[in-house]
Amino acid sequence: MNRYIIFFSVLFGILSGNAEGKDKPAQSANRQALSSGRPNVIFFVVDDLGWKDISCYGSDFYQTPNVDKLAAKGVSFKNGYAACTVCSPTRAALMSAKYPARIHCTDWIEGWKYPKAKFQVPDWTMYMDTTEYTMAEAFRDAGYVTGHFGKWHLGEDSVYWPEKQGFDVNKGGWKSGGPNLNKKEGFNGYFPPFGNPRLKDLPGDEYLTKRLANEACTFIEDNKNRPLFLNFWFYNVHTALRAKQEKIDKYTPLVDSTKHQQNSVYAAMVEHMDDAVGQVLAKLEILGLMENTIIIFTSDNGGLQRKKEMVTSNYPLREGKGHVYEGGVRVPVIIVAPGKTQPGVVSDESVISMDFFPTLVDLAGIKVPQQIKQSWDGVSLVKTLNGKGKLKRESLFWHYPHYHKEGATPYSSIRKGNYKLIRFFEDDRYELYNVKDDISETKNLIEENIGIAEELKADLFKWYQEVGAQMPVINPGYK
């Protein structure tokens, strides 16, 4: 009788693993047997969402009731960080638990080209290598059914797309960093037709985020009797700014010139994202899965803050996406883990993108080979989820040996305790800030705290060696 059970278990896995373009085998019956009693995982990553872009983190313009409810159920980290100030490196860090500098994926794919700049950028890796053991592969190997919904942006070639990196189902993830806006071919970004090779247009499509939420809910419904790992990586709130007119009209009369956040279209896009979060949470509630589901909500980098064109405001943080200052790298982080988190906890602990992989496998009781764990830069946050536990880790690092359209030049940074040291490569200049007392990074303490600066500089240079960080070099064609 057991043989028949195994046969039908494998057959069910094959029938339900219907990824568009999928060519990996379904999980074995062995792996499914391992998954008994395991919690589900929902991993929300919002594109370009700033630290102050949701209500519970202090926005007084954008409305995010569903994300706020999520925060009320679990722990919110005030010192949450993205692994990089641009998207692709952070996404690779999320999936691999490694610093972007270690895997040499240090800029968005394909990056900005500045052939006459003072420095030449390194020959960096423009994809997440398939040799990396990903979070999705860890969950799939433990018997989970894995699904990716939304933005991917971890390789131009399809060999690097979600279905080749541990996902059974891929809806919407391909090379693009944003919705397809190829007007010559009739594609309209957030509105259909989507022009996405991993998301076939349907007659009822209205808005990309809603369509992805529908797909995610279908995935949950189809796999309600199996442990599932669901990546919901939004295209919102990445430019170009597009939202349904009725939502824009809702916010237009609410614009207050005395406030920092004033973009009604961006506010509408934030609400589209929040609606999708609410739709997924409602599906979990209807199916009775909420109390056995771990949920993480975060962003891939700080909000896009432009001087000439108002997108969002990260105030009181300095600068935004692409920049080394807090506005470019500090992001919301919310974790709900039944049995581990208490309602409404706020933590001061500094956490970063690489921590989510170790945290999730720890919470789910998944065993990862020791040689894989030893290569991780992230750490499990489980002991911090009550808002009281402390991590032994001393420092966090960032390395961006590139130029960015928003004005950034090559830089590195380290945060150790309350102090943050920044290195700018073009003139080998350093800045030091106490980001606890001076969250806006207005007072450079480098002259009065030489000892602290030298300590952090030594730690930064040691870290360069440990991770094999690639460096920019003087450009012979500099003008």
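Looking at Ala337, Ala408, which one is touching a His at 6+ places or on another chain (Cβ under 7 Å) and either crowded, with 18+ Cβ neighbours inside 10 Å or under 30 Å from Cys56 (Cβ atoms) (or both)? Even if it seems obvious, please write down each step before you answer.
Numbers: Ala337 fails: touching a His at 6+ places or on another chain (Cβ under 7 Å).
After applying the criteria, what remains is Ala408.
Restricting attention to the range 255-281, report how many residues are open to solvent by 40 Å² or more (accessible area, probe 1.4 Å), over 23 Å from Ser176 (Cβ atoms) and not polar (S, T, N, Q). Show your work before the answer.
Residues of the range 255-281 that are open to solvent by 40 Å² or more (accessible area, probe 1.4 Å), as a first pass: 255-260, 262, 275, 279.
Next, only the ones that are over 23 Å from Ser176 (Cβ atoms) stay: 255-260, 262, 279.
Imposing the further condition that a residue be not polar (S, T, N, Q) reduces the set to 255-256, 259-260.
Result for the range 255-281: 4.
Residue under question is Leu284, and the condition is that it be open to solvent by less than 10 Å² (accessible area, probe 1.4 Å) and farther than 24 Å from Ile352 by Cβ; does it hold?
Yes, satisfied.
Limited to the range 139-171, what total is found for residues that are open to solvent by 10 Å² or more (accessible area, probe 1.4 Å) and in a strand (DSSP E or B)?
So the count comes out to 1.
In the range 231-254, which residues are open to solvent by 10 Å² or more (accessible area, probe 1.4 Å), touching a residue at least 60 places away in the same chain (Cβ under 8 Å) and more than 24 Å from His153 (Cα to Cα)?
Leu254, the sole residue that qualifies.
Which one is least open to solvent (accessible area, probe 1.4 Å) among residues in the range 78-125 that are farther than 18 Å from Val46 by Cα and among the basic types (Lys, Arg)?
Ranking the qualifying residues of the range 78-125, first place goes to Lys98.
Would you be able to tell me the number of residues in the range 67-88 that are of a type in the set (Val, Ile, Thr), in a strand (DSSP E or B) and under 30 Å from Glu406 (Cα atoms)?
Of all residues in the range 67-88, those of a type in the set (Val, Ile, Thr) come to 67, 75, 85-86.
Those left that are additionally in a strand (DSSP E or B): 75.
The next check asks that each one be under 30 Å from Glu406 (Cα atoms); those that pass are none.
Qualifying residue count for the region: 0.
Checking the structure you have, find out if any residue of the range 271-282 is more than 17 Å from Asp53 (Cα to Cα) and either small (Gly, Ala, Ser) or assigned to a loop (DSSP other than H, G, I, E, B) (or both).
Start the filter on the range 271-282 by keeping residues that are more than 17 Å from Asp53 (Cα to Cα), which leaves 279-282.
Then keep just the ones that are either small (Gly, Ala, Ser) or assigned to a loop (DSSP other than H, G, I, E, B) (or both); that gives 282.
Yes, the conditions are met somewhere in the range 271-282.
Identify all residues within the range 100-123 that are within 23 Å of Lys479 (Cβ to Cβ) and touching a His at 6+ places or on another chain (Cβ under 8 Å); write none if there are none.
Answer for the range 100-123, where residues must be within 23 Å of Lys479 (Cβ to Cβ) and touching a His at 6+ places or on another chain (Cβ under 8 Å): Asp107, Gly111, Trp112, Val121, Pro122.
Of everything in the range 370-392, what is open to solvent by 60 Å² or more (accessible area, probe 1.4 Å) and out of contact with any helix residue (DSSP H, G or I) (no Cβ under 9 Å at 6 or more places or on another chain)? Give them in sequence order.
Gln370, Gln371, Gln374, Lys383, Asn386, Lys388, Lys392, listed by residue number.
Pairs please, first residue from the range 107-129 and outside any loop (DSSP other than H, G, I, E, B), second anywhere and modelled with pLDDT of 90 or more and surrounded by fewer than 16 Cβ atoms within 10 Å (Cβ to Cβ), Cβ atoms under 6 Å, 6+ apart in sequence or on different chains.
Final answer for the pair search is Phe119/Asn475; Gln120/Val473; Gln120/Asn475.
Just one of Val331, Val311 is surrounded by 24 or more Cβ atoms within 10 Å (Cβ to Cβ), of a type in the set (A, V, I, L, M, F, W, C) and in contact (Cβ under 8 Å) with a residue 40 or more places away in the chain; which is it?
Numbers: Val311 fails: surrounded by 24 or more Cβ atoms within 10 Å (Cβ to Cβ).
Exactly one of Val331, Val311 is surrounded by 24 or more Cβ atoms within 10 Å (Cβ to Cβ), of a type in the set (A, V, I, L, M, F, W, C) and in contact (Cβ under 8 Å) with a residue 40 or more places away in the chain, namely Val331.
List every residue pair whose Cβ atoms lie under 7 Å apart, where the two residues are 6 or more positions apart in sequence or sit on different chains, the first residue falls within the range 451-473 and is within 30 Å of Pro115 (Cα to Cα), and the second residue, located anywhere, is open to solvent by less than 60 Å² (accessible area, probe 1.4 Å) and assigned to a helix (DSSP H, G or I).
Within 7 Å, the pairs are Val467/Ala101; Ala469/Ala101.
The values are calculated or read from the model by the stated rules, or taken from the named source; none is laboratory data. Everything quoted here is computed from the prediction, not taken from an experiment. With ideal geometry, Cβ positions are generated from the backbone for all residues, glycine too; neighbour counts draw on all protein chains shown. What goes into the accessible areas is simple: the full protein's heavy atoms, side chains included, and nothing from ligands, DNA or RNA. Shrake-Rupley method; radii C 1.70, N 1.55, O 1.52, S 1.80 Å.
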